[in-house]
Amino acid sequence: MDIASYGSIIQHFSRREQLESAVSFLKECLSTHGAAPSESYISDLRFLCKRKEDENFVDLTELVGRDPKEWLRHGQKNLKRERTKKGRRYIQQAQNRLL
């Protein structure tokens, strides 16, 4: 099987919350091809592992690496811009300078 086939199988098991099967196919893919499927296939598995974190069954960062969307979630949670009138008071000046 190729990497995309492994990715489809991993995604299938992840969507049906079968963590053990998904991880075993991920390990098989890593041993066979030396690379993991793309992030679109693994995202459901990441979510499932984060939800079942208290079991400590698998450390996905050790197998696949860090989540590429982690910086986006951090920014949405901690670095939101101020949307009040006080926070937007100089926006119009910046737009006028560009024109």
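Read-outs throughout are calculated quantities, based only on the coordinates presented, and are distinct from any laboratory measurement. Quantities reported herein were computed from a predicted structural model and do not represent experimental measurements. Cβ atoms come from the backbone with ideal geometry, glycine included; neighbour counts cover every protein chain shown.
Whether any residue in region 78-87 is over 18 Å from the mean Cα position of the chain (by Cα) and among the acidic types (Asp, Glu) is what I want to check.
yes
Which condition number does residue 32 fail, the rest of (1) closer than 20 Å to residue 61 by Cβ; (2) over 16 Å from the mean Cα position of the chain (by Cα); (3) loosely packed, with under 15 Cβ neighbours inside 10 Å being met?
With respect to (1) closer than 20 Å to residue 61 by Cβ; (2) over 16 Å from the mean Cα position of the chain (by Cα); (3) loosely packed, with under 15 Cβ neighbours inside 10 Å, residue 32 is out only on (1).
Quick one: what pairs do we get from region 1-22, first residue farther than 19 Å from residue 33 by Cβ, second part of a loop (DSSP other than H, G, I, E, B), C-beta under 7 Å, 6+ apart or different chains?
Correct list of pairs: 19/52; 19/57.
Look through region 55-77, keep the residues that are in a helix (DSSP H, G or I) and aliphatic (A, V, I, L, M), and return whichever of them is farthest from the chain's Cα centre (by Cα).
Of everything passing the filter in region 55-77, 63 is farthest from the chain's Cα centre (by Cα).
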